[in-house]
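A.B. asks: Quick one: structure below, then a few questions.
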Amino acid sequence: MTIAVVEMTEVINWHHPFRRQINLALAVLLIFTQVSCTSKEYDQASDECRREYMVKIPPNYQQQLRTYYRYEQVPDGNISCTRDIFWGQPNCTQGTRTISIPVSTMVTVDLEAGRRQNEINRCSEELCLKRYGNRYCKIK
């Protein structure tokens, strides 16, 4: 399940200012989906296949340089002022704009994760089909 969360976060457009909130929402949704949609029989089949395919397709970790973006508010040169009704004091606010700042970082990536997960899913469905007559291990 962790692999899927990592892959889902890779899909998000890292330029989006609310990427953390979106990633969190996707992770929660993915976990909820995994917990609510799989049976213990499917989880058992998936675990058997995971053990098999971790040997058949071992992890191939590689360091890769990734660029992400952080966002900051900077002054845009505009100032908006109003006067206080009672005291006549000016109340001024500095205008801002959002800029993106690229941040490069080294990340460790398993180059075989996607291929291995596809094989685990295929294997799990085949086991369920053999044992229960359907791809989801649903007991009739």
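A.B. asks: With labels modelled as points extended 7 Å from the Cα through the Cβ direction, what inter-label distance (nm, one decimal) is found for Asn91 paired with Arg131?
C.D. replies: So the label points at Asn91 and Arg131 sit 6.6 nm apart.
A.B. asks: For Val107 and Glu48, FRET efficiency with R0 = 35 Å and r from the beta-carbon atoms, rounded to 0.05?
C.D. replies: 0.70
A.B. asks: Between Thr82 and Ser100, what is 0.36 nm times their sequence separation minus the Cα-Cα distance? Round to one decimal in nm.
C.D. replies: Length gained, Thr82 through Ser100: 3.4 nm.
A.B. asks: Report relative contact order for the stretch 63-110 in percent, whole number only (criteria: Cα-Cα under 8 Å, sequence separation at least 6).
C.D. replies: That works out to 54 percent.
A.B. asks: Now for a separate question. Under a plain spin-label model, where a point goes 7 Å from the Cα along Cα-to-Cβ, how far apart in nm are Ala25 and Gln73?
C.D. replies: 2.1
A.B. asks: Over 19 Å, how big is the tail of the calculated P(r) for the stretch 63-110, in percent of all Cα pairs?
C.D. replies: 56
A.B. asks: Determine, from the Cβ-Cβ distance of Tyr61 and Arg122 and an R0 of 22 Å, the FRET efficiency 1/(1 + (r/R0)^6), rounded to the nearest 0.05.
C.D. replies: Efficiency computed from Cβ-Cβ geometry: 0.40.
Read-outs: derived from the displayed coordinates by stated rules, not from any lab. Quick caveat, the model's predicted, so the values are computed rather than measured. A quick note on method: Cβ atoms are made from the backbone with ideal geometry, for glycine too, and the neighbour counts reach across all protein chains shown.
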